[in-house]
1. Of the residues that make up the range 55-71, is at least one within 30 Å of Leu28 (Cβ to Cβ) and either in contact with a Ser or Thr (Cβ under 8 Å, 6 or more places away or on another chain) or among the β-branched types (Val, Ile, Thr) (or both)?
2. Of all residues being of a type in the set (Gly, Ala, Ser) and in contact (Cβ under 8 Å) with a residue 40 or more places away in the chain in the range 42-59, which is farthest from Met95 (Cα to Cα)? Just the residue, please.
3. Among the numbered criteria (1) buried (at least 17 other Cβ atoms within 10 Å of the Cβ); (2) of a type in the set (A, V, I, L, M, F, W, C); (3) assigned to a loop (DSSP other than H, G, I, E, B), which single criterion is violated by Val50?
4. So Gly76 fits all but one of (1) under 19 Å from Pro138 (Cβ atoms); (2) surrounded by fewer than 20 Cβ atoms within 10 Å (Cβ to Cβ); what number is the exception?
5. Which one of the conditions (1) free of Cβ contacts under 8 Å to residues at least 40 places away in the same chain; (2) more than 20 Å from Trp139 (Cα to Cα) does Leu64 fail to meet, given that it meets all the rest?
6. For residues that are touching a residue at least 60 places away in the same chain (Cβ under 8 Å) and surrounded by fewer than 16 Cβ atoms within 10 Å (Cβ to Cβ), scanning just the range 122-143, find the one that is farthest from Arg41 (Cα to Cα).
7. Given the criterion touching a residue at least 60 places away in the same chain (Cβ under 8 Å), buried (at least 20 other Cβ atoms within 10 Å of the Cβ) and part of a helix (DSSP H, G or I), identify the matching residue among Ser39, Ser10.
8. Given the options Arg85, Arg119, Arg106, name the one that is of a type outside the set (A, V, I, L, M, F, W, C), surrounded by 14 or more Cβ atoms within 10 Å (Cβ to Cβ), part of a helix (DSSP H, G or I) and within 17 Å of the chain's Cα centre (by Cα).
Amino acid sequence: MYTLVLTLHSWIRWAALVFGVVATLASLTGRADVQEKQSDRWGLLFLMAVDIQMLLGLLLYLVLSPFTAAALKNFGAAMRNPALRFWAVEHTATMLFAVILVHVGRVLARSARTPESKRFRQSLCFGLATIAMIVATPWPGMANGRPLFRV
């Protein structure tokens, strides 16, 4: 079960990152009604992808992952171990921050009074969320790096 959920989490990461970049660019470049609707669609796809990622991540974090199980048994020792600290705190907190930013961006865009304000709010929140996701992803070559594509 752990391997299946981890593989899904790894692959859906790519959808979330692509949707994040495209949603940010769509909100930056959208001017007409058609482009604004496309921006909304990309934002919704981005939101869905990060929500699925969060659900899979929480399943890994709270139930399946041996890394977080070890960290949660002795949190003080985990904070002194960079690998365990990354999974127990840094990756989790940054990704949760990204999910919150995506949700906030969608809500703020809906309450915007002008199309320009809507685009600004979306592009700011979506852009920051995408950057946070890129920063907290365990890329190959990093101390906690993982493969780009799990099979």
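1. Within the range 55-71, one or more residues are within 30 Å of Leu28 (Cβ to Cβ) and either in contact with a Ser or Thr (Cβ under 8 Å, 6 or more places away or on another chain) or among the β-branched types (Val, Ile, Thr) (or both).
2. Gly43
3. If we test Val50 against (1) buried (at least 17 other Cβ atoms within 10 Å of the Cβ); (2) of a type in the set (A, V, I, L, M, F, W, C); (3) assigned to a loop (DSSP other than H, G, I, E, B), just (3) comes out false.
4. (1)
5. In the conditions (1) free of Cβ contacts under 8 Å to residues at least 40 places away in the same chain; (2) more than 20 Å from Trp139 (Cα to Cα), Leu64 misses (1) alone.
6. Here the residue is Ala143.
7. Ser39
8. Checking each option against the conditions leaves just Arg106.
Each reported figure results from applying straightforward, stated rules to the coordinates on display, with no laboratory input. Bear in mind the structure is a predicted one, so any value in this text is a computation, not a measurement. Cβ atoms come from the backbone with ideal geometry, glycine included; neighbour counts cover every protein chain shown.
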